[in-house]
1. With a 1.4 Å probe and all protein chains left in place, how much accessible area per residue does the chain have, in Å²?
2. Would you rank LEU269, LEU142 by solvent-accessible area, highest first, keeping every protein chain in place and using a 1.4 Å probe?
3. Over the Cα atoms of region 190-252, what is the Rg over Rh ratio if Rh follows Kirkwood?
4. Carbon-plus-sulfur fraction of the accessible area of region 324-396, 1.4 Å probe, in percent?
5. Using helices alone, what [θ] at 222 nm do you get for the chain, with -39,500 (n - 2.57) per DSSP H run of 4 or more residues, divided over all residues and rounded to the nearest 500?
6. Tell me, what is the 1.4 Å probe accessible area of MET171, in Å² to the nearest 10?
7. Set Lys and Arg Cβ to +1 and Asp and Glu Cβ to -1, take the dipole of region 214-278 about its Cα centre, and tell me which of THR245, VAL259, ILE271 lies farthest positive.
8. To one decimal place, what orientation-averaged projected area in nm² is obtained for the convex hull of the Cα set of region 194-305?
Amino acid sequence: MPTYRYEVKATNGAVTHGVLAAPNLAAAAHDLRGRGLYILALGPADAGKRNARALNLNLSFGPSAKDIQNFTSQLAVMIRAGISIRAAVEGIADQIQNPKFKVMLNQMKKDLEAGKQFSDALFRYPKCFSPLYINMVKASELSGGFSRMLDRIASYLAQQIETRSQVVGAMIYPGIIGTMAIGTTIFLLTFVLPRFMVIFKGKEAALPAPTKLLLALSNFMTNYWYILLFAAAAGIWGFMMLIRTDWGRLWFDKVKLTVPLFKKMFRALYINRSLHTMGQLINAGVPMLDTISITAEISGNALYRRMWRAVYVAVKQGKKISAPLNKSPLLPRSVVQMIGAGEESGKLGEVLDEVSEYYARELRTVIKSVTAMIEPLMIVAMGSVVGFIAMSIILPIFKLSQLVK
């Protein structure tokens, strides 16, 4: 029996690796997921550790989500036109500009020529093709309708890309305004203020408190700028390291759901992503436990991941999906009721599609409102900072003029 080398992540965040025997890649992946593990890498053991590391390095700089979506759309069209899967992959590989993606597709073609299923070929690249993608492809191989399933996957990927771009776009605007505010403040404190302070040289005792504060800050930034630069770099590095830990990620995910201006946006994002993923997998015929496990990993938030893992445990014990969801504050009661109604009627996939579509519209509306609210707030904040600096420069002029009189 073939052996496969794997690297997996447990529910507690621990990463382990090893070798297991299985009839094929699909069976090996199913075995690992059945243990409640998230697959980071999986491939033939005879490739060796060096090849495994090289594979992971290639995937780290591999195709983008848009590249995967375009590949899926092209593949669906070519399959529908009657072209064999092997010839379709080869034809797409010839047109790909990304060299690492080209290597991946050529390897897929070799796997297909060797008689492997397309889903088995995808298992080589778990960091590029998500468990959702692979499981939906596998379901279509068992039930038929391969091209229709590829269209559905491409549509799902397109929506996720659009949603991500909307959220990133909403965060870019305040980032730009904030950067401009910080840059303007640094310019005023390091270039403008020192030139004005020459006028008040020898009269420091008569300066008002705001001017003294800004003067001290200006001197510090001018003479010890490297300390501030180091502190900023250390702060960014420390934050990045913090959110890589389980505790830090949990804290950051909680913050995103509690910040007044953004919590509604992130809540709509996570609900839409979770329910849309779950609906697509159920409609594709993926087993329920696999569906819930994949939904937990794709949710994108540690709190929602914990909620879906609790659902996984409950369903494994024979309970309904809606039972553990009733105990969670992360989903509105109306959504849980609709999920329960879908379970009772046997139309859970359709219900999830409708609810996720509602939250997709809700997310677009919230993003527009957040962007509209951020603009005046950032302008007021930037104006307040610049106004305070201007006031601190003008105040001593008035004070000294009164002393002269």
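1. I get 53 Å² per residue for the chain.
2. On the way: LEU269 10, LEU142 145 Å².
Final ranking, largest accessible area leading: LEU142, LEU269.
3. Values: Rg = 18.4 Å, Rh = 14.4 Å.
Expressed as Rg/Rh, it is 1.28.
4. Working: 2580 of 3950 Å².
About 65 percent, which is the carbon plus sulfur part of the accessible surface.
5. -24500 deg cm²/dmol
6. 80
7. ILE271
8. Its Cα hull, projected and averaged over all orientations, spans 11.3 nm².
The values are calculated or read from the model by the stated rules, or taken from the named source; none is laboratory data. Small disclaimer: the values here were computed from a predicted structure and weren't measured. Please note: Cβ atoms are built from the backbone with ideal geometry, for glycine as well, and neighbour counts cover all protein chains shown. The area values use the complete protein model at the heavy-atom level, side chains included, leaving out ligands, DNA and RNA. Shrake-Rupley method; radii C 1.70, N 1.55, O 1.52, S 1.80 Å.
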